[in-house]
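**Student:** There's a structure below that I have some questions on.
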Amino acid sequence: MTDVMDPARRLLLGACGLIGFFGLWAAISGSGLVAPTFLPGPLDVARRLVFLLTESFAGGTLLVHLWSSLQRFAAGYLLAAAVGVPLGLLMGRFRTLDDIVSPLFDGLRFIAPIAWVPFAALWFGTGFGGPVLIIFSGAFPPCLLNAYRGAKHVDPRYLEAAEMLGTPSGRIITEVLLPASVPSIIAGLRIGAGLGWQSLVGAELIVASTGVGYLMVQAQSAVSTTTVMVGMAAIGFIGVLIDVALRTIEARIHRRLGGA
Amino acid sequence: MSSIRFDAVGKSFGGGVLTLQDINLDVADKEFVAIVGPSGCGKTTCLRMAAGFDFPTSGRVLVGNSEVTKPGPDRAVVFQQFALFPWKTVTENIELGLRNKSVARDERKARVADAVAMIGLGGYENSYPHQLSGGMQQRVAIARAYVLDPQVLLMDEPFGALDAQTRVVMQEELVRLARLNPRTVLFITHGVEEAVYLADRVAIMTRRPGRIKEIVDVKSVRIAERWDSHSRIEDVMDLESFVHLRTHIWKSLREEKAGADH
């Protein structure tokens with residue numbers, strides 16, 4: 001382990017990992033030992049990906065399905081952040097609210113998002129509302145928990161300084177707890193995005209009538225394993241994009257706070 | 001009228017360990033009182049009770065004529081570790097107390113500008129605390145307190161975290177501010193010279209459980225010996241009358257420290 005991570009070295013090692021993976025994959029699928037439908041090769045998947053960009057499958061091109069998934073994701077995720085972060089901060093500030101919400105929350109957060117599928121479909125339908133509820137249930141706990149922990153761990157000196165300056169309780173949340181908790185909140189938003197994106201696609205496998213998950217279910221019925229793999233690759237790729245975007249925001253905020 | 005009165009104050013923290021015992025101390029309106037004492041004697045706890053961060057187990061702490069029940073801008077605190085908000089600029093840090101008081105925007109700007117000028121930080125209005133030296137940060141904390149025009153200033157070892165040179169400059173500036181614009185000040189320190197140089201009276205505390213052992217009158221000596229005719233701290237500290245008081249307090253404190261070693 002070196003302390004100083006050389007970026008060029010990291011890129012090289014990352015590329016080695018990817019090349020090794022694709023090489024092994026291509027070698028196994030091209031060896032003739034397995035049927036092409038059992039394990040399609042990387043080139044077949046790539047060709048299928050290009051095909052699906054322009055040709056419709058299961059009601060739309062890949063981009064149409066991705067767009068549909070992203071809309072659901074955005075709705076559920078923003079809802080989770082909009083409810084989770086303020087509620088977490090309020091719980092960190094007001095002991096009574098903490099005592100009321102915590103036991104309920106602690107029980108609910110261990111119920112996996114996929115377990116909500118039957119009721120999500122029953123209450124909100126299989127099109128938009130159901131998947132949104134499922135992604136909400138995946139993204140909400142980390143959003144709330146990290147805001148709560150951030151608020152709980154604010155240096156008490158800042159709270160005392162704010163109180164000494166006559167800051168009203170509501171303003172202490174916006175002027176002290178929120179900015180002091182930003183690193184923790186952003187970490188929660190990153191984890192929430194990951195869990196939300198995962199649970200959305202899982203939900204679409206079961207309840208949606210469009211989206212990447214739906215595309216994969218239809219592909220499975222049609223025994224188009226290359227299409228299933230295109231769906232998997234698209235999920236991974238979009239997940240990385242979401243995380244990179246949030247990491248960039250995180251780094252920018254850290255720089256602005258000067259590491260303080 | 002804004003005096004501070006500790007009336008038979010006792011304080012024990014969880015577990016019942018007695019920290020403070022029968023503290024009686026009056027800080028008169030516009031008087032500057034320093035409390036010195038060995039580490040852990042509870043002197044900071046005295047200040048925190050006047051600020052409303054902690055409360056006595058027995059007795060009362062009064063500011064003005066009312067008992068302290070919560071923190072408030074009438075009792076501005078300057079903390080040892082500054083406690084500036086790192087996400088706010090110099091201006092925003094100084095301005096928060098005025099915004100809380102709903103001071104109109106134009107007046108706010110004017111008062112913040114005055115405060116910035118007073119502490120000599122012109123040009124740093126939009127800097128963040130981490131971009132400033134320790135001495136500059138503590139000036140901002142002092143401006144943040146002064147801008148509220150508080151009846152009472154509570155200073156908890158405000159120069160303890162600064163290097164020796166910066167501390168001297170800050171001590172001289174505080175004297176200048178205090179003479180220019182007198183306030184009721186309670187000043188906690190373990191620096192005997194600092195206490196004698198700054199304060200009208202110095203209260204000496206015993207080691208735990210902390211009691212007030214002795215209160216030394218500095219002001220009458222300062223006036224009689226014309227300390228204020230010397231603008232530099234080292235000249236004052238060379239005066240025989242200063243050395244005499246300092247030595248007296250040192251000896252008194254030393255008895256406490258020697259006792260603590262057994």
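**Student:** Show the residue pairs that are 6+ apart or on different chains and have beta-carbon atoms under 8 Å apart, the first residue being within segment A:16-29 and more than 16 Å from A:Ala233 (Cα to Cα), the second being modelled with pLDDT of 90 or more and part of a helix (DSSP H, G or I).
**Tutor:** Final answer for the pair search is A:Ser29/A:Pro42; A:Ser29/A:Asp44.
**Student:** Here are the criteria: (1) assigned to a helix (DSSP H, G or I); (2) in the same structural domain as B:Ile4 (by TED's automatic domain parsing); (3) out of contact with any Phe, Trp or Tyr (no Cβ under 7 Å at 6 or more places or on another chain); (4) more than 13 Å from B:Ala34 (Cα to Cα). Tell me which single one B:Glu193 does not satisfy.
**Tutor:** Single failed check for B:Glu193: (4).
**Student:** Which of (1) more than 14 Å from chain B (Cβ to nearest Cβ); (2) part of a helix (DSSP H, G or I); (3) in contact (Cβ under 8 Å) with a residue 12 or more places away in the chain is the odd one out, the single condition A:His254 does not satisfy?
**Tutor:** (1)
**Student:** Among all residue pairs at least 6 apart or on different chains, which show Cβ distances below 7 Å where the first residue, located in segment B:52-72, is more than 14 Å from chain A (Cβ to nearest Cβ) and the second is among the basic types (Lys, Arg)?
**Tutor:** B:Pro56/B:Lys11; B:Thr57/B:Lys11; B:Leu62/B:Arg5; B:Glu67/B:Arg60
**Student:** Being surrounded by 12 or more Cβ atoms within 10 Å (Cβ to Cβ) and polar (S, T, N, Q) is the filter; apply it to segment B:88-129 and report the residue that is farthest from the other protein chains (Cβ to nearest Cβ).
**Tutor:** B:Thr91
**Student:** Moving to a separate point now. Quick one: which residue in B:Glu125, B:Glu107 is without any contact (Cβ under 8 Å) to a residue 24 or more places away in the chain, not basic (Lys, Arg) and not assigned by TED's automatic domain parsing to the domain that holds B:Ile188? Give the derivation first.
**Tutor:** On the way: B:Glu125 fails: without any contact (Cβ under 8 Å) to a residue 24 or more places away in the chain.
Criteria check complete, one pass: B:Glu107.
**Student:** Within segment B:134-148, how many residues turn out to be within 15 Å of the chain's Cα centre (by Cα) and either surrounded by fewer than 21 Cβ atoms within 10 Å (Cβ to Cβ) or among the small types (Gly, Ala, Ser) (or both)?
**Tutor:** 3
**Student:** Taking interchain pairs and intrachain pairs at least six residues apart, which have beta carbon atoms under 6 angstrom, with the first residue in segment B:209-235 and over 19 Å from B:Lys43 (Cβ atoms) and the second among the aliphatic types (A, V, I, L, M)?
**Tutor:** Final answer for the pair search is B:Trp227/B:Val236; B:His230/B:Val236; B:Ile233/B:Val168.
**Student:** Sticking with this structure for a sec: Counting residues that are modelled with pLDDT under 90 and over 16 Å from B:Ile215 (Cβ atoms), which strands (runs of 3 or more DSSP E) fully inside segment B:1-64 reach at least 2? Walk me through it before giving the result.
**Tutor:** Numbers: elements: B:4-12, B:18-27, B:32-36, B:58-63.
Passing ranges, in order: B:18-27.
**Student:** Give the residues of segment A:209-231 that are surrounded by fewer than 15 Cβ atoms within 10 Å (Cβ to Cβ), closer than 18 Å to A:Gly60 by Cβ and among the hydrophobic types (A, V, I, L, M, F, W, C), sorted by residue number.
**Tutor:** A:Ala222
**Student:** Also, I was wondering about something else. I need the full set of residues from segment A:207-227 which are part of a helix (DSSP H, G or I) and in contact with a Pro (Cβ under 9 Å, 6 or more places away or on another chain), in order please.
**Tutor:** So the first thing to find is which residues in segment A:207-227 are part of a helix (DSSP H, G or I), and the list is A:212-221, A:225-227.
A:Gly213, A:Thr225, A:Thr226, listed by residue number.
**Student:** Continuing with the same structure: Using the structure shown, decide if B:Gly134 is free of Cβ contacts under 8 Å to residues at least 60 places away in the same chain and either away from chain A (no Cβ under 14 Å) or at negative phi (or both). Give the derivation first.
**Tutor:** On the way: free of Cβ contacts under 8 Å to residues at least 60 places away in the same chain: yes; either away from chain A (no Cβ under 14 Å) or at negative phi (or both): yes.
Here the answer is yes, as B:Gly134 does meet what is asked.
**Student:** While we're looking at this one, here's another question. Name the residue, out of B:Leu84, B:Leu98, that is in contact with a Leu (Cβ under 9 Å, 6 or more places away or on another chain), in a helix (DSSP H, G or I) and among the hydrophobic types (A, V, I, L, M, F, W, C). Even if it seems obvious, please write down each step before you answer.
**Tutor:** Numbers: B:Leu84 fails: in a helix (DSSP H, G or I).
Of B:Leu84, B:Leu98, the one residue that is in contact with a Leu (Cβ under 9 Å, 6 or more places away or on another chain), in a helix (DSSP H, G or I) and among the hydrophobic types (A, V, I, L, M, F, W, C) is B:Leu98.
**Student:** Here's a follow-up. Given (1) in contact (Cβ under 8 Å) with a residue 40 or more places away in the chain; (2) out of contact with any Lys or Arg (no Cβ under 8 Å at 6 or more places or on another chain), where does B:Asp163 come up short, assuming only one miss?
**Tutor:** With respect to (1) in contact (Cβ under 8 Å) with a residue 40 or more places away in the chain; (2) out of contact with any Lys or Arg (no Cβ under 8 Å at 6 or more places or on another chain), B:Asp163 is out only on (1).
**Student:** Select from segment B:220-244 the residues that are assigned to a helix (DSSP H, G or I) and surrounded by 16 or more Cβ atoms within 10 Å (Cβ to Cβ) and list them in ascending order.
**Tutor:** Of all residues in segment B:220-244, those assigned to a helix (DSSP H, G or I) come to B:220-224, B:227-229, B:233-238, B:240-244.
Once the filter is applied, which keeps residues that are assigned to a helix (DSSP H, G or I) and surrounded by 16 or more Cβ atoms within 10 Å (Cβ to Cβ), segment B:220-244 yields B:Val221, B:Arg222, B:Trp227, B:Ile233, B:Val236, B:Met237, B:Ser241, B:Phe242.
**Student:** Within segment A:40-80, which residues are in contact (Cβ under 8 Å) with a residue 12 or more places away in the chain and not in a helix (DSSP H, G or I)?
**Tutor:** A:Pro40, A:Gly41, A:Phe57, A:Ala58, A:Gly59, A:Gly60
**Student:** May I ask you to list the residues in segment A:155-183 that are part of a helix (DSSP H, G or I), at the interface with chain B (Cβ under 8 Å from one of its Cβ atoms) and small (Gly, Ala, Ser)? Please lay out each step first, then the result.
**Tutor:** Quick first cut of segment A:155-183, residues part of a helix (DSSP H, G or I) only: A:156-164, A:169-183.
The next check asks that each one be at the interface with chain B (Cβ under 8 Å from one of its Cβ atoms); those that pass are A:157-158, A:160-164, A:171, A:175-176, A:179-180, A:182.
The answer is A:Ala161, A:Ala162, A:Ala180.
**Student:** Tally up the residues in segment A:101-124 that are more than 21 Å from A:Val207 (Cβ to Cβ) and among the hydrophobic types (A, V, I, L, M, F, W, C), please.
**Tutor:** Here is the first cut: in segment A:101-124, the ones more than 21 Å from A:Val207 (Cβ to Cβ) are A:101-107, A:109-110.
Remaining after also requiring among the hydrophobic types (A, V, I, L, M, F, W, C): A:101, A:104-105, A:110.
Counting residues in segment A:101-124 that are more than 21 Å from A:Val207 (Cβ to Cβ) and among the hydrophobic types (A, V, I, L, M, F, W, C) gives 4.
**Student:** Can you name the residue in segment A:93-143 that is modelled with pLDDT under 90 and of a type in the set (Val, Ile, Thr) and is also nearest to A:Val83 (Cα to Cα) among such residues?
**Tutor:** A:Ile111
**Student:** Being surrounded by 15 or more Cβ atoms within 10 Å (Cβ to Cβ), touching a Ser or Thr at 6+ places or on another chain (Cβ under 8 Å) and either of a type outside the set (A, V, I, L, M) or at negative phi (or both) is true for just one of A:Gly84, A:Gly88, A:Gly76, A:Gly41. Which residue is that? First the steps, then the outcome.
**Tutor:** On the way: A:Gly84 fails: touching a Ser or Thr at 6+ places or on another chain (Cβ under 8 Å); A:Gly88 fails: touching a Ser or Thr at 6+ places or on another chain (Cβ under 8 Å); A:Gly76 fails: touching a Ser or Thr at 6+ places or on another chain (Cβ under 8 Å).
Result: A:Gly41 is the single residue among A:Gly84, A:Gly88, A:Gly76, A:Gly41 that is surrounded by 15 or more Cβ atoms within 10 Å (Cβ to Cβ), touching a Ser or Thr at 6+ places or on another chain (Cβ under 8 Å) and either of a type outside the set (A, V, I, L, M) or at negative phi (or both).
The values are calculated or read from the model by the stated rules, or taken from the named source; none is laboratory data. Remember, predicted model here, so these are calculated numbers, not experimental data. Here Cβ is always computed from backbone atoms with ideal geometry, including for glycine, and neighbour counts include all displayed protein chains.
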